[in-house]
Amino acid sequence: MSSAICLPPSSPKVDVLRTTIESMGNIVVAFSGGADSAFLGAFATLVLGANKVLCATATSASLAASEADDCRALATEWGLNWQTFLTNETSRPEYIANNGDRCFHCKDELMDVLVPIARERSAHITLGVNVDDLGDHRPGQQAAEQKGAAFPLVSAGLSKAEIRELSQAMGLRTWNKPAAACLASRVPYGTAVTVGLLSTIDRAEAALRQLGFAGNMRVRHEGKTARIELDASDFARAAEVHGDIVGALSALGYQYITLDLAGFRSGNLNWALEAEKS
């Protein structure tokens, strides 16, 4: 384990998390490289040792190439026991249909891959779900829970802000990493999710990162329109390089390239589901 990271100071919630992980003894962490799963993977490894913690990254067309690369880098930097496993949610008709339960079928596929791995290791499957996640539309959590996944961060009562604070105290560079949901979250419900479409979105967002947009950013795919969401602090930068943005996204087939003046909003496509309920 890298000497650059360490356990955070003791506190009631940290102590609960440590006790929870110690009681499991051997765990598999669904490791996406985001702030939550990175914290869980690093914390558990420091508590149990790398031989008792497998950080498992599911690779598929729905994971941005840059995120897969970062998972590999984090594992090397922190001395994690890390492996990648292929998931095939993009072959599931229910996932492709992209109805409101798409995330259920994605997480169900993940669990189908992780369950036999965990069984072979006599390990518990854990996900980096925090208490702030519990109120949003997240059918994937239901799928994971139905197949036996545990949520240690929830058991400890940790919020996203607390996880970022603890990550900073541990020396984890992911403490301020922007949220990075799967690429399918850029596609409106009801629009079929295909491997080709996910690749287009991945390339569009990679182009924006190359233009200097390192904060919260999404390219929402709406037919021939690419609706770009950025932090408001990046609007001026977008104006400066708008020609480069148009050139890059036009080359990917988008006819209309727009900047959403409402800015970045996590999970904002869920409004359609709420409208159906009302």
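Quick notes on this structure:
- Within the stretch 176-216, the set of residues being of a type outside the set (Lys, Arg), part of a helix (DSSP H, G or I) and within 19 Å of SER266 (Cα to Cα) comprises ASN176, LEU183, ALA184, SER185, LEU198, ILE201, ASP202, ALA204, GLU205, ALA206, LEU208.
- Candidates are the residues of the stretch 178-219 that are charged (D, E, K, R) and surrounded by fewer than 18 Cβ atoms within 10 Å (Cβ to Cβ); the one that is nearest to ARG237 (Cα to Cα) is ARG209.
- Matching option when the condition is of a type outside the set (S, T, N, Q), assigned by the TED database to the domain that holds ARG164, farther than 25 Å from VAL16 by Cα and at pLDDT 95 or above, among ASP36, ASP112: ASP112
- First in the stretch 184-205 and free of Cβ contacts under 8 Å to residues at least 12 places away in the same chain and over 18 Å from ILE228 (Cβ atoms), second anywhere and assigned to a helix (DSSP H, G or I) and not small (Gly, Ala, Ser), Cβ under 8 Å, 6 or more apart: none
- When THR57, THR84, THR45, THR76 are checked against the criterion of being under 23 Å from LEU153 (Cα atoms), in a helix (DSSP H, G or I) and among the polar types (S, T, N, Q), a single residue qualifies: THR45.
- The test for being part of a helix (DSSP H, G or I), basic (Lys, Arg) and either within 21 Å of the chain's Cα centre (by Cα) or surrounded by 13 or more Cβ atoms within 10 Å (Cβ to Cβ) (or both) holds for ARG237.
- Residue check, VAL16 among the β-branched types (Val, Ile, Thr) and crowded, with 17+ Cβ neighbours inside 10 Å: no
- In the stretch 90-99, the count of residues that are in contact with an Asp or Glu (Cβ under 8 Å, 6 or more places away or on another chain), surrounded by fewer than 21 Cβ atoms within 10 Å (Cβ to Cβ) and either part of a helix (DSSP H, G or I) or touching a residue at least 40 places away in the same chain (Cβ under 8 Å) (or both) is one or more.
Conditions tested, residue by residue: (1) in a helix (DSSP H, G or I); (2) within 22 Å of VAL113 (Cβ to Cβ).
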| position | (1), (2) |
| --- | --- |
| LEU17 | yes, no |
| VAL28 | no, yes |
| SER32 | no, yes |
| GLY41 | yes, yes |
| ALA68 | yes, yes |
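- Selection within the stretch 95-132 - β-branched (Val, Ile, Thr) and more than 17 Å from THR194 (Cα to Cα): VAL113, VAL115, ILE117, ILE125, THR126, VAL129, VAL131
- Only one of ALA68, ALA58 that is surrounded by 22 or more Cβ atoms within 10 Å (Cβ to Cβ) and within 27 Å of ALA4 (Cα to Cα): ALA58
- Test: residue in the stretch 125-138 that is under 23 Å from VAL47 (Cα atoms), assigned by the TED database to the domain that holds ASN88 and surrounded by fewer than 15 Cβ atoms within 10 Å (Cβ to Cβ): no
- Matching residues in the stretch 212-231 - criterion: being farther than 19 Å from ALA192 by Cα and more than 22 Å from the chain's Cα centre (by Cα): none
The values are calculated or read from the model by the stated rules, or taken from the named source; none is laboratory data. Remember, predicted model here, so these are calculated numbers, not experimental data. Note that each Cβ is placed from the backbone with ideal geometry, even for glycine, and that neighbours are counted across all protein chains shown.
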